Amino acid sequence: MIGRWLPFRTQTGAEPGALTLYCLPHAGGGASAYRVWQRKLPGVAVQPVQPPGRENRHREPAYERMAPLVCDLADVLLADVALGPVGRPYAVYGHSLGALVTFELLREIRRRGAPEPVHLFVSGCVAPHHPFDDGPPVGRMTRPEMVELLRSLGGTPDWLLSDPSVLEMIIPTMRADFSVKETYQYYYELPLDIPITALPSTADPRAGQGQVARWKEQTTQEFALHTFVGGHFAVFEQAALTHKYISEALRQWV
C-alpha cells in the first residue's frame, strides 16, 4: 500500500537519516510534480505523494470527500514514518488542494497522538478558516469550461488541453478533486503546534496574498510568509527559490 502512495520512495537519492518531506499535489496533479525536487534539497528526502486517480494510479477512483482521503493518507504516512529511525523528523508540503488536505491530515495525526511533523509548508491555498469563493462548482462545468479553467490557472500545457484522449483521463480526477474542496467544511480545533511557512503569489486567481497570510492563525509556533511574483504555479516555475525557503525553514533539522 505504501508503494502506491509513495511511488518514488526508493529513488530519492538522499543520504541515510535525511529528513523526509512529504509533498501533496494540487487538484488534478500527481506525484510527478515533485519528482524533480528530489536531490535538490541537501539533507532532505523529498517524498511525492500519489493519491489515486492519476498517473500510475489512474485506474483507481479518486476520492471525492476529505474525511476518507485524510484517514487513509494518515495510515500511509504514519506507516512510512514508522519504518525509519525512531524520532526521525519529517515535514509536509501541500500546494493548492494539497495544502488543504495536508492541514486536515495533520489534525488527524494530532488526534491519533502520533508523531507530528516539524514543519508545514503551504502554497496556492487560502487559510482553511477563511471563506473562499472559487466561482461555479467545477463538478457542474462542461468540458470546455473546465479546459478554460485549467488554462487560466496555468501549469497544464496547451497540447494536453487540446488532446481529447488526455482530457478523458484527467477530467474525472479533476472533478473528484474539486469535489473534495467544494464539499469541505472547516471546523474549529486548536491551532497546530507546528511552524508554518506560507508561499503565496502576487497574481494567483484562487489564493490572494491576504487570504494566504491568514494561515498564521493556524499555528502557535513561528509563521513565515514569502511572496512569489507570478501565478498559481509560481512555486514550481521558480523551484530554486522555493527550495531556498524550504531549506532555510528546515535548517535546524538537517
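Assess whether VAL76 counts as being modelled with pLDDT of 95 or more and in contact with a Phe, Trp or Tyr (Cβ under 6 Å, 6 or more places away or on another chain).
Values: modelled with pLDDT of 95 or more: yes; in contact with a Phe, Trp or Tyr (Cβ under 6 Å, 6 or more places away or on another chain): yes.
Answer is yes for this residue.
With the requirement that a residue be among the acidic types (Asp, Glu) and over 13 Å from ALA127 (Cα atoms), what does region 211-230 give you? It would help to see each step written out before you state the result.
Kept after step one, since they are among the acidic types (Asp, Glu), are these residues of region 211-230: 217, 222.
GLU222, the sole residue that qualifies.
Residue pairs, Cβ under 8 Å, 6 or more apart or interchain, first in region 87-112 and closer than 13 Å to ILE194 by Cβ, second open to solvent by 10 Å² or more (accessible area, probe 1.4 Å) and among the aromatic types (Phe, Trp, Tyr). List them.
Going by the 8 Å Cβ cut-off, the qualifying pairs are PRO89/TRP253; ALA91/TRP253.
How do the pairs read when you match residues in region 49-72 that are within 11 Å of VAL101 (Cβ to Cβ) with residues anywhere that are acidic (Asp, Glu), using Cβ under 7 Å and keeping only pairs 6 or more apart or on different chains?
MET66/GLU104; VAL70/GLU104; VAL70/GLU108
Can you list the helices (runs of 4 or more DSSP H) found entirely within region 170-254 that contain at least 2 residues being among the small types (Gly, Ala, Ser) and either modelled with pLDDT under 95 or closer than 30 Å to ASN56 by Cα (or both)? Don't jump to the end; show me each part of the working.
Values: elements: 209-213, 234-237, 239-249.
The helices (runs of 4 or more DSSP H) meeting that bar are 239-249.
Name every residue in region 235-252 that is in contact (Cβ under 8 Å) with a residue 40 or more places away in the chain and buried (at least 16 other Cβ atoms within 10 Å of the Cβ), in order of residue number.
Residues satisfying the conditions are VAL235, PHE236, THR242, HIS243, TYR245, ILE246, ALA249, LEU250.
Under 9 Å between Cβ atoms, at least 6 apart or on separate chains: pull out the pairs that start in region 204-224 with a residue that is closer than 19 Å to ARG107 by Cβ and end on any residue that is assigned to a helix (DSSP H, G or I) and aromatic (Phe, Trp, Tyr).
TRP215/PHE103; GLN218/PHE103; PHE223/TRP215
Within region 108-115, is even one residue open to solvent by less than 10 Å² (accessible area, probe 1.4 Å) and at pLDDT 95 or above?
From region 108-115, those open to solvent by less than 10 Å² (accessible area, probe 1.4 Å) are 109; that's our starting set.
Remaining after also requiring at pLDDT 95 or above: 109.
Checking region 108-115: at least one residue is open to solvent by less than 10 Å² (accessible area, probe 1.4 Å) and at pLDDT 95 or above.
Here are VAL70, VAL138: which of them is at pLDDT 95 or above, under 20 Å from the mean Cα position of the chain (by Cα) and of a type in the set (A, V, I, L, M, F, W, C)?
Values: VAL138 fails: at pLDDT 95 or above.
Just one listed residue meets the conditions, VAL70.
Of all residues in region 98-127, how many are closer than 18 Å to SER201 by Cα and touching a Leu at 6+ places or on another chain (Cβ under 6 Å)? So that I can check it myself, show each step before the final result.
Narrowing region 98-127 to residues closer than 18 Å to SER201 by Cα: 98-100, 120-127.
Filter once more, so that each one left must be touching a Leu at 6+ places or on another chain (Cβ under 6 Å): 98, 123, 125.
Total meeting the criteria: 3.
Looking for something more than 27 Å from LYS216 (Cα to Cα) and open to solvent by less than 10 Å² (accessible area, probe 1.4 Å) - is there at least one such residue anywhere in region 66-77?
Checked region 66-77: at least one residue is more than 27 Å from LYS216 (Cα to Cα) and open to solvent by less than 10 Å² (accessible area, probe 1.4 Å).
The values are calculated or read from the model by the stated rules, or taken from the named source; none is laboratory data. What you see is a predicted model; the values in this text were computed from it and never measured. Because the Cβ atoms are built from the backbone with ideal geometry, glycine has one as well, and the counts that use them run over all protein chains shown. Ligands, DNA and RNA are excluded from the accessible area calculation, which covers all protein heavy atoms including side chains. Shrake-Rupley method; radii C 1.70, N 1.55, O 1.52, S 1.80 Å.
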